[in-house]
1. Could you list, in sequence order, all residues of region 416-431 that are crowded, with 19+ Cβ neighbours inside 10 Å and over 41 Å from the mean Cα position of the chain (by Cα)?
2. Just to confirm my filter: which helices (runs of 4 or more DSSP H) fall fully inside region 522-594 and include at least 3 residues that are out of contact with any helix residue (DSSP H, G or I) (no Cβ under 7 Å at 6 or more places or on another chain) and open to solvent by 40 Å² or more (accessible area, probe 1.4 Å)?
3. Does any residue of region 124-142 turn out to be assigned to a helix (DSSP H, G or I), modelled with pLDDT of 75 or more and of a type in the set (K, R)?
4. Do the conditions hold for L567, that is, is it more than 42 Å from the chain's Cα centre (by Cα) and of a type outside the set (D, E)?
5. If a residue has to be at negative phi and surrounded by 15 or more Cβ atoms within 10 Å (Cβ to Cβ) to count, how many in region 613-634 make the cut?
6. Based on this model, can you work out whether L297 counts as at pLDDT 75 or above and in contact with a strand residue (DSSP E or B) (Cβ under 9 Å, 6 or more places away or on another chain)?
7. Condition first: hydroxyl-bearing (S, T, Y) and open to solvent by less than 50 Å² (accessible area, probe 1.4 Å). Now tell me which residues in region 115-137 satisfy that.
8. Within region 83-139, work out how many residues are touching a residue at least 60 places away in the same chain (Cβ under 8 Å), over 15 Å from G150 (Cα atoms) and of a type outside the set (D, E, K, R).
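The values are calculated or read from the model by the stated rules, or taken from the named source; none is laboratory data. As the structure is a prediction and not an experimental result, all values here were calculated from the model. Here the Cβ positions follow ideal geometry from the backbone for every residue, glycine too, while neighbour counts run over all protein chains shown. For the accessible areas, the whole protein counts, side chains as well, though only heavy atoms, and no ligand, DNA or RNA atoms are used. Shrake-Rupley method; radii C 1.70, N 1.55, O 1.52, S 1.80 Å.
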Amino acid sequence: MRQFGSVLDDIPIRYFVPLGFLVATLVTFLVYLFVALPEAEEKAYALTEKDFNRTISDMQGRYNTLLSEGNQFSVSQDIFITADDPTVHALAILSADGLIRFAYNSSLNGQPYEALDVRLDEKQIRRALLTGQIVEVRDREKKTITGYAGLGFVEDGVMAKNLLIYVQSTAELAGEIQHTALHLVSLMGLTLFVLALFVLILTWLKIDRRLKKLLIASNKLASEEEGIDFDIGGRDELGQLAGQLKTTSRILSHKQARTNEAMKKAQAATEIKSEFLSNMSHEIRTPMNGVISGLNLLMSSKDEDEKNELMGASLSSAHALLNIINDILDFSKLEAGKLSVHPAPFLLARMLRDIHILMRPVAAEKCNALVLDVGDGCDTCVVADEVRLRQVINNLVSNALKFTEGGTITVSVALQKNALEQQLEVRVQDTGAGISQEDLERLFQRFSQLRNAMEKRTGGTGLGLAISQQLVQLMGGTIGVESELGEGSTFWFRIPVEVRETAEVKDAGADIGAGQARQAKILLAEDVVINQMLITKMLKTLGHEVILAEDGEKAINLLDRDNGFDLILMDNQMPVLSGMEATKRIRARTDSKAAIPIIALTADALMEQRDAFFSAGINGFVSKPIEIDKLRLEIARVLSEA
């Protein structure tokens with residue numbers, strides 16, 4: 001018996017099962033097709049028609065009344081209850097434009113009637129809507145009866161027409177059909193019994209006992225149980241399926257482990273981002289409160305000293321807010337890969353001196369000493385991105401100042417040369433609170449901030465170090481930190497630079513200084529009223545004459561009529577004609593006005609936008625918000641070069 005079972009296991013199912021069922025299927029099909037089916041269908045339709053017309057007629061009257069009363073809830077509830085009958089395939093009310101108003105499935109409301117999972121006759125829909133009659137249509141293929149009943153009622157004082165769709169199945173009449181066809185089915189019962197018994201025995205030997213094992217294994221797999229193991233042999237389809245099920249179980253186990261790990265990481269990242277957004281809300285609102293509150297108090301103040309104090313506080317808050325926004329924008333551009341470095345020659349010692357002068361007052365506010373230690377050979381010209389290098393050093397110094405009170409911050413700079421390249425090393429050492437080992441491990445992570453008490457007092461966006469790290473890496477360098485809790489910290493970075501002769505850098509200071517004394521007639525193209533007022537006051541404070549144009553086209557018209565302009569300040573985003581297009585038109589002129597210097601005043605601070613401006617013919621660039629000192633220096637520089 002065991003050997004016979006093994007032979008059965010090796011026979012493919014596709015050849016085994018059809019042999020047993022072929023004769024029974026053929027006999028059953030012929031009897032059912034030519035005898036039982038026609039009689040059963042006619043009997044089902046006849047029995048269904050007895051109640052169908054009365055039912056749809058009752059619903060027509062009931063829904064007309066409820067809709068006239070505006071009781072849409074009762075209509076919807078009635079449809080839902082009626083459609084709960086398993087014999088009802090579809091029950092819905094359509095509006096005159098063919099949209100579903102009420103349906104057995106509320107998710108279909110508002111959709112075209114084609115969304116109903118039934119076959120509808122558009123001709124009968126129009127007929128029932130037009131006449132208000134009840135139209136019945138049989139579908140022999142689907143074994144259904146579809147009723148179309150027009151509804152007419154007064155809704156919001158207006159006569160409205162809707163259509164009731166009612167589709168009922170004849171499937172519930174299985175008992176009557178069986179009773180009708182019983183004498184026909186009995187004729188083949190005895191014949192099929194012998195065939196079924198024979199197939200049943202073979203099926204149990206071949207399929208059933210092994211299929212139960214497969215079912216148990218699949219249930220374990222569905223419940224994510226591990227260690228699925230069962231003994232199903234044979235080389236037929238069931239044996240192959242058992243092998244595939246074991247392989248699938250192993251693959252799913254590995255995938256589940258990876259998925260769980262990814263979910264943990266995603267959850268941790270979500271928590272960090274939520275904390276970051278909460279901190280950002282606080283950090284942005286704090287300086288904004290200083291700006292708004294300071295200006296409100298300034299408007300009501302009469303004391304000059306108090307006004308100066310309030311103006312200073314408001315300006316300081318505005319700068320703090322601008323720094324936060326710049327951090328967020330820089331980080332976004334770095335994440336999107338849209339920030340690039342632009343190396344150019346500059347005097348290293350002069351940049352370090354500027355940083356020292358700028359940060360000394362900030363250090364003094366917390367009784368700190370800021371020491372600049374410049375190594376030998378640093379009084380030279382180097383090629384690097386001065387703007388980004390200055391940004392990284394400022395970030396590290398500002399960070400050290402935040403965590404140090406009554407101490408010393410030392411900025412050490414040295415040029416180092418190895419076999420491959422020249423490197424600039426900058427080290428920022430403080431005597432502050434230091435950093436724990438736990439915080440060191442996540443110090444440069446995105447959306448991550450230190451949790452110690454000192455930082456809670458100092459605040460900050462938590463983006464400075466992440467931005468610094470990416471900027472250093474963008475410049476081809478490395479960045480790191482050395483710290484112990486309570487012993488202070490040392491942040492350092494190294495970037496490759498190229499050393500050049502100092503004479504290669506133009507001494508712009510002398511040119512600018514000379515240019516500052518020159519008074520100019522300036523054409524200002526700006527469409528925002530508040531900006532017009534502020535920039536005009538800045539220019540007049542600097543001693544310049546200002547002529548205002550509200551867009552690029554008016555600026556060109558003024559340029560045509562006046563020959564005395566020395567300089568044009570051009571906003572970009574303006575109606576009628578943008579600043580960039582206006583610049584291109586000016587540069588395309590054939591007269592001497594084509595060479596008038598143009599400075600762009602715009603909030604488009606991306607490097608790609610700056611490159612586009614300079615390609616259009618811009619001579620200078622001042623980004624908004626505009627500071628009067630930066631505006632003065634840029635005007636002096638452009639006029640001196642002109």
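1. Matches in region 416-431: T431 only.
2. 529-541, 552-561
3. Our first condition is that a residue be assigned to a helix (DSSP H, G or I); within region 124-142, this holds for 124-131.
From what is left, the residues that are modelled with pLDDT of 75 or more are 124-131.
Retained after the next criterion (residues that are of a type in the set (K, R)): 126-127.
Checking region 124-142: at least one residue is assigned to a helix (DSSP H, G or I), modelled with pLDDT of 75 or more and of a type in the set (K, R).
4. Values: more than 42 Å from the chain's Cα centre (by Cα): yes; of a type outside the set (D, E): yes.
Against the criterion (more than 42 Å from the chain's Cα centre (by Cα) and of a type outside the set (D, E)), L567 qualifies.
5. 14
6. no
7. Residues satisfying the conditions do not exist here.
8. Initially, region 83-139 is screened for residues touching a residue at least 60 places away in the same chain (Cβ under 8 Å), giving 86-96, 101, 134, 136, 138.
Still in the list and also over 15 Å from G150 (Cα atoms): 86-90, 138.
Cutting the leftovers down to of a type outside the set (D, E, K, R) gives us 86-90.
Qualifying residue count, region 83-139: 5.
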